[in-house]
């Protein structure tokens, strides 16, 4: 897969998170939505009414489209949360 | 439990920081609240580890001033609450705030400064909810905050200067820009260039971005509109078409761009929800980006001792915000009897002149992003308008024919604007749809109403509120 991480950027420490139970490497300082995008998770949830896929849209906490479950807490805005070591993230399956 | 301050500032962009800086110098006890993890707002957004990479010279004067300001605030005795959101403002300037841990507190102040900024404006098209379609701001934030490209190859569309900025940033970060598709045509842009000297530096800045795109041979088109985003579970292709002078799609001019990433935006809308909920009067001014908080020359809103500054009083960029934050601070110092009228005048007179110039630039910016009524008449029925409640253009059209022609009427008839984002995304769009479909005045159409809590919160967090105690780890100074 094409690496979306910009090569010239100095990154924080490597940390380990889980997405739907699968191990994933992230870097300290990244937001959850960015880490997920870099790993190819573009669909983050399905809408409750018509089950349409949604992902990153406003990227700044306004639109509530990037809602994911973080450490058991549902409906967290992925774009407003920074990744932390051993974070457990759940996204809706396609 | 209530915590008291002289002044609470909501929003830590240049407006909020500039006000905090002045007020704290006079010994005022200040709390700054921001929903981001960093201070500095959108302008000073940067990679968390960038500082360690060595200091590169920042060519933008405003960013340099902002960075110095942020450094002073961090070192000084201003208390900062990051990752926190204000849920509501109640009589006697009591704020209900949810902190980064999801705990709810009450704060109180003698005066409030609301510097809540702006968000991106959108023009809905079929399939705009597909993952891979994101705002130009979202594309920029991915690069600026996390060092991640929005996509392998990004198509950029919409209107306004942010398109050029984002496209140039993608190139700088060794990404690929598929094309830049500008909905406005050169003639419209020239019409916007009637303002005075205030816009020339900005035009020059725009030209440097443009030069970078030309040098990289990025295809650029004008007068084309994003018509449809296609894909099964995520974006696979974007259909674009030429528009006529009224913004309507010219059939037969459609063209398909295969891509998995589209960054799109149509200018900005002021974040007026919190001031509105606090009771501040709002007014519609298209030169200033739509519905804005109505303030007097001291930046005070219609509610005593509640000030509004920055983009929330009119879209014009960080320059105006930086000025208005300082005006509000001097006004509060004068009103509280700390400085006399003469000192207030001396400090604010040059600021007022600078502010006029920035408002001139804002008028140019908002003209550039103006969309013709035809754009809205052309939206197909199956297009989603309210992303949260999944209300379509067809749902709205059928209520329009039932004679629901106001913001509140459509909201009640369809639930448009009643979801998680509380109309922040679809509110300005619905307003434009209603304006395009009727001869009514902006005032008659109205504005999305805002009620507490203005941000989503769990009932559990509210229920636990009385047992919360001050958090010492996030606070400095004596809360």
Per-residue average of other protein chain Cβ atoms inside 10 Å, peptide A:37-44 -> 4
Residue-normalised 222 nm signal for chain A, counting each DSSP H run of n ≥ 4 as -39,500 (n - 2.57), nearest 500 deg cm²/dmol, is -2000 deg cm²/dmol
Note the angle between two axes, namely the Cα long axis of helix B:162-172 and the longest principal axis of the Cα atoms of chain B, as a number of degrees from 0 to 90, rounded to the nearest 10.
-> 90
Using only the alpha-carbon atoms of segment B:1-137, report the extent along each of the three principal axes, biggest first, to the nearest angstrom.
-> 47, 40, 25
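How large is the Kirkwood hydrodynamic radius of segment B:260-300, counting all unique pairs of alpha carbons, in Å? Intermediate values should be presented prior to the final figure.
Details: mean 1/r = 0.0838 Å⁻¹.
When all Cα pairs of segment B:260-300 are included, the Kirkwood radius is 11.9 Å.
Average partner chain C-beta neighbours within 10 Å, per residue of B:122-133? Could you put the intermediate results ahead of the total?
Working: counts 3, 0, 0, 0, 0, 1, 1, 8, 7, 15, 6, 3.
The per-residue average across the peptide is 4.
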Distribution of pairwise C-alpha distances over segment B:136-206, 5 Å bins, in % = 3, 15, 24, 21, 15, 11, 8, 2, 0
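Provide Rg over Rh for chain B; use the alpha carbon set for both Rg and the Kirkwood Rh (inverse mean inverse pair distance). Provide the component values of the computation, followed by the final result.
Numbers: Rg = 22.3 Å, Rh = 23.3 Å.
In chain B, Rg relative to Rh is 0.96.
Per residue of B:134-140, how many C-beta atoms from partner chains lie within 10 Å of its own C-beta, taken as a mean?
Working: counts 10, 7, 1, 5, 13, 2, 2.
Partner-chain Cβ atoms within 10 Å, mean over residues of B:134-140: 6.
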Give me the log10 of I(q) over I(0) for the protein assembly as shown at q = 0.07, 0.10 Å⁻¹, as the Debye formula computes it from C-alpha points; what are the numbers?
-> -0.38, -0.83
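Rounded to the nearest 0.05, what FRET efficiency do residue B:286 and residue B:459 give with R0 = 30 Å and r taken as the Cβ-Cβ distance? Could you check?
Values: r = 39 Å, r/R0 = 1.31.
Efficiency computed from Cβ-Cβ geometry: 0.15.
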Can you tell me the 0 to 90 degree angle between the C-alpha axis of helix B:136-146 and the longest principal axis of chain B, rounded to 10?
-> 50
At the level of C-alpha centres, the distance separating segment B:144-158 and segment B:1-27, in angstrom, is 34
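Classify segment B:87-246 from the C-alpha gyration tensor, please: rounded if a/c falls under 1.5, else prolate or oblate depending on whether a/b exceeds b/c.
Values: a/c = 1.97, a/b = 1.53, b/c = 1.29.
Cα axes put segment B:87-246 in the prolate bin.
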Per the Kirkwood definition applied to all pairs of different Cα atoms, how many angstroms is the hydrodynamic radius of segment B:250-384?
-> 17.3
Note: segment B:182-241 at 4 °C, 1.567 mPa s; Kirkwood Rh on alpha carbon pairs; Stokes-Einstein D in µm²/s works out to 92
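Can you give the percent of C-alpha pairs in segment B:293-449 whose distance is more than 28 Å?
Values: 4801 of 12246 pairs.
Summing the P(r) tail past 28 Å for segment B:293-449 gives 39 percent.
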Can you pull the Rg over Rh of segment B:173-322, Cα-only, Kirkwood?
-> 1.05
Round to the nearest 10 and give me the degree value, 0 to 90, for the angle of helix B:426-437's Cα axis relative to the longest principal axis of chain B.
-> 50
Please give the peptides B:356-363, B:164-171 ranked by average Cβ packing (other Cβ atoms within 10 Å per residue), highest first, as a rough proxy for protection.
-> B:164-171, B:356-363
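Could you sort B:200-211, B:419-430, B:127-138, B:253-264 so that the peptide with the highest average Cβ count within 10 Å comes first and the rest follow in order?
Values: B:200-211: 13.2, B:419-430: 24.1, B:127-138: 25.8, B:253-264: 20.1.
By packing density, highest mean first, the sequence is B:127-138, B:419-430, B:253-264, B:200-211.
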Work out, step by step, the length gained on full extension between residue B:75 and residue B:342: first 0.36 nm times the residue separation, then minus their alpha carbon distance; give nm to one decimal.
-> 93.1 nm
Could I have the simple spin-label model distance between residue B:186 and residue B:356, label points 7 Å from Cα toward Cβ, reported in nm to one decimal?
-> 3.4
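What does the highest-first list of B:142-148, B:302-308 look like by mean Cβ count within 10 Å?
Those peptides, ordered most packed to least, come out B:142-148, B:302-308.
Once you have the Kirkwood Rh of chain A from its Cα pairs, apply Stokes-Einstein at 25 °C and 0.890 mPa s and quote D in µm²/s. Intermediate values should be presented prior to the final figure.
On the way: Rh = 13.5 Å.
Result for D is 182 µm²/s.
How compact is segment B:333-394 by the rule of thumb for globular proteins, expressed as Cα Rg over 2.2 N^0.38 Å?
On the way: Rg = 22.5 Å, N = 62, 2.2 N^0.38 = 10.6 Å.
Taking N as the residue count of segment B:333-394, the ratio is 2.13.
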Any chance you could check the Cα centroid distance between segment A:28-94 and segment B:300-355 for me, in angstrom?
-> 38
Rg and Dmax of segment B:379-448 over Cα atoms: what are they, in angstrom?
-> 10.6, 31
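Read the figures in this text as sums done on the coordinates, not as results from a lab. Keep in mind the model is a prediction, meaning the values are calculated, not measured. Neighbour counts run over all protein chains shown; Cβ positions are idealised from the backbone, glycine included.
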